[in-house]
Amino acid sequence: MFNEFLYAKIHRATVTEANLDYVGSITIDKTLLDEVNIKPNQKVEILDVNNGERFSTYVIEGKANSGVICLNGAAARKVQVKDKIIIVAYALLSQEEQETFVPKIAHVDENNKLIKI
């Protein structure tokens, strides 16, 4: 049997842009994607700390070390620039994998740069 578990999280990222005219998705700094092993086109859930919105979209890779967190298309209506969001990805894990799997979690500062905790 497989169960769905947290796979990766980017915690309290700051929305830098909201582009209504782009065709759907979220653009995320490549450095952050690499840190948590989230891939372009992967489905993610967005949790807006400021307004309580929760929605799903897919990832577009942004320029490394740019700090970009841009909601595109319809998702742009769900956030405001400077909102704090949590970006999460889930994975189906077998019972064996569930015993040892540890999700990757990136904590970021107000400029979406990695911080150590």
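Within the set Thr57, Thr31, the sole residue that is assigned to a strand (DSSP E or B), in contact with a Leu (Cβ under 9 Å, 6 or more places away or on another chain) and polar (S, T, N, Q) turns out to be Thr57. In the set (1) out of contact with any Leu (no Cβ under 9 Å at 6 or more places or on another chain); (2) open to solvent by less than 80 Å² (accessible area, probe 1.4 Å); (3) under 24 Å from Lys113 (Cβ atoms), Gly52 fails one condition alone, (3).
Under 8 Å by Cβ, and 6 or more places apart or on different chains, what pairs join a residue from region 57-74 that is over 19 Å from Ile86 (Cβ atoms) with one that is open to solvent by less than 20 Å² (accessible area, probe 1.4 Å) and at pLDDT below 95? Between residues of region 57-74 that are over 19 Å from Ile86 (Cβ atoms) and residues that are open to solvent by less than 20 Å² (accessible area, probe 1.4 Å) and at pLDDT below 95, the close pairs are Gly73/Ser25. Within region 88-102, the set of residues being outside any strand (DSSP E or B) and not acidic (Asp, Glu) comprises Gln95, Gln98, Thr100, Phe101, Val102.
Against the criterion of being closer than 17 Å to Lys9 by Cβ and among the polar types (S, T, N, Q), Ser56 qualifies.
Exactly one residue among Ala8, Ala13 is under 17 Å from Val102 (Cα atoms), small (Gly, Ala, Ser), assigned to a strand (DSSP E or B) and open to solvent by less than 20 Å² (accessible area, probe 1.4 Å), and that residue is Ala8.
With Lys78, Lys84 as the choices, which residue is under 21 Å from Val23 (Cβ atoms) and basic (Lys, Arg)?
Lys78
Restricting attention to region 29-62, the residues that are within 17 Å of Ala106 (Cβ to Cβ), touching a strand residue (DSSP E or B) at 6+ places or on another chain (Cβ under 8 Å) and among the charged types (D, E, K, R) total 6.
The set of residues in region 21-33 that are open to solvent by 20 Å² or more (accessible area, probe 1.4 Å) and at pLDDT 95 or above comprises Thr27, Lys30, Thr31. Being under 23 Å from Pro40 (Cβ atoms) and either open to solvent by less than 70 Å² (accessible area, probe 1.4 Å) or without any contact (Cβ under 8 Å) to a residue 40 or more places away in the chain (or both) is the filter here; which residues of region 88-101 pass it? Scanning region 88-101 gives Val88, Ala89, Ala91, Leu93. Candidates Ile105, Ile46, Ile38, Ile85: the one that is in a loop (DSSP other than H, G, I, E, B), open to solvent by less than 80 Å² (accessible area, probe 1.4 Å) and closer than 22 Å to Glu4 by Cα is Ile38.
The values are calculated or read from the model by the stated rules, or taken from the named source; none is laboratory data. Since the model is a prediction, treat every value here as computed from it, not as a measurement. Quick reminder, even Gly has a Cβ in these numbers, built from the backbone with ideal geometry, and neighbours come from all protein chains shown. Surface accessibility is based on the protein's heavy atoms, side chains included, excluding ligands, DNA and RNA. Shrake-Rupley method; radii C 1.70, N 1.55, O 1.52, S 1.80 Å.
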